[in-house]
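Q: Here it is, the structure in full.
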Amino acid sequence: MAGEKTRFRNGQGREYSADRGFWARALLLAHEYGWRPELLRMSYLVPDTVISAEDAHNMRRAFDRLFELALRDPARVFPIPVDIGELDRLRDFVAGGEFGVAD
C-alpha cells in the first residue's frame, strides 16, 4: 500500500491525489472528530465510490474540528498519524462538495 496513490475527482473537474495509507488514516481521523460516513468506511477505499456533497461537507466539518482543536489545545491533538499539511489540502478538496474515488 505504501507509495500507491488514490486519485479523486469532483464535479468541477478538480483532482486530488494522495497516498492510499494517508487516505485510510484521514478517514479514521475524520471519524474520530465526528464524521459519520454515509457508506461503510471500507467503501471509501474502493474505486468508483462517490462521496455525496452532504457526506463531503460532514467530512470537512470533522477536519475543521480537528484543526480548531489543534490551534486551541495542540497537546490534545498531536501527534496525529498524518502529515498536517496534506490533511489541510484534503480538507480544502472535500470542501468542493461531491467527489469520486477515481482509482
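The values are calculated or read from the model by the stated rules, or taken from the named source; none is laboratory data. Quantities reported herein were computed from a predicted structural model and do not represent experimental measurements. Glycine also receives a Cβ, built like all others from the backbone with ideal geometry; neighbour counts cover every protein chain displayed. Only protein heavy atoms, including side chains, enter the accessible area calculation; ligands, DNA and RNA are left aside. Shrake-Rupley method; radii C 1.70, N 1.55, O 1.52, S 1.80 Å.
Q: What is the number of the single condition among (1) touching a helix residue (DSSP H, G or I) at 6+ places or on another chain (Cβ under 6 Å); (2) outside any helix (DSSP H, G or I); (3) aromatic (Phe, Trp, Tyr) that Phe8 does not meet?
A: Unmet condition: (1).
Q: Contact list please: Cβ distance under 6 Å, first residue in region 1-30 and over 19 Å from Asp55 (Cα atoms), second residue hydroxyl-bearing (Ser, Thr, Tyr) and surrounded by fewer than 18 Cβ atoms within 10 Å (Cβ to Cβ), pairs at least six apart or on different chains.
A: Lys5/Ser17
Q: Between a first residue in region 59-79 that is β-branched (Val, Ile, Thr) and a second residue that is open to solvent by 90 Å² or more (accessible area, probe 1.4 Å), which pairs have beta carbons less than 7 Å apart while being 6 or more apart in sequence or on different chains?
A: Final answer for the pair search is none.
Q: Let me ask another. Among the candidates Arg91, Arg41, which residue alone is open to solvent by 30 Å² or more (accessible area, probe 1.4 Å) and in contact with a His (Cβ under 9 Å, 6 or more places away or on another chain)?
A: Just one listed residue meets the conditions, Arg41.
Q: Can you find, within region 45-64, the residue that is surrounded by the fewest Cβ atoms within 10 Å (Cβ to Cβ) among those that are closer than 19 Å to Trp23 by Cβ and among the charged types (D, E, K, R)?
A: That would be Asp48.
Q: Given region 32-103, what helices (runs of 4 or more DSSP H) lie entirely inside it while holding 3 or more residues that are at pLDDT 95 or above and in contact with a helix residue (DSSP H, G or I) (Cβ under 9 Å, 6 or more places away or on another chain)?
A: 53-72, 84-94
Q: Moving on. Looking only at region 11-31, filter to residues that are assigned to a strand (DSSP E or B) and either in contact with a Cys (Cβ under 9 Å, 6 or more places away or on another chain) or closer than 13 Å to Phe93 by Cα (or both); which one of those is most open to solvent (accessible area, probe 1.4 Å)?
A: Glu15
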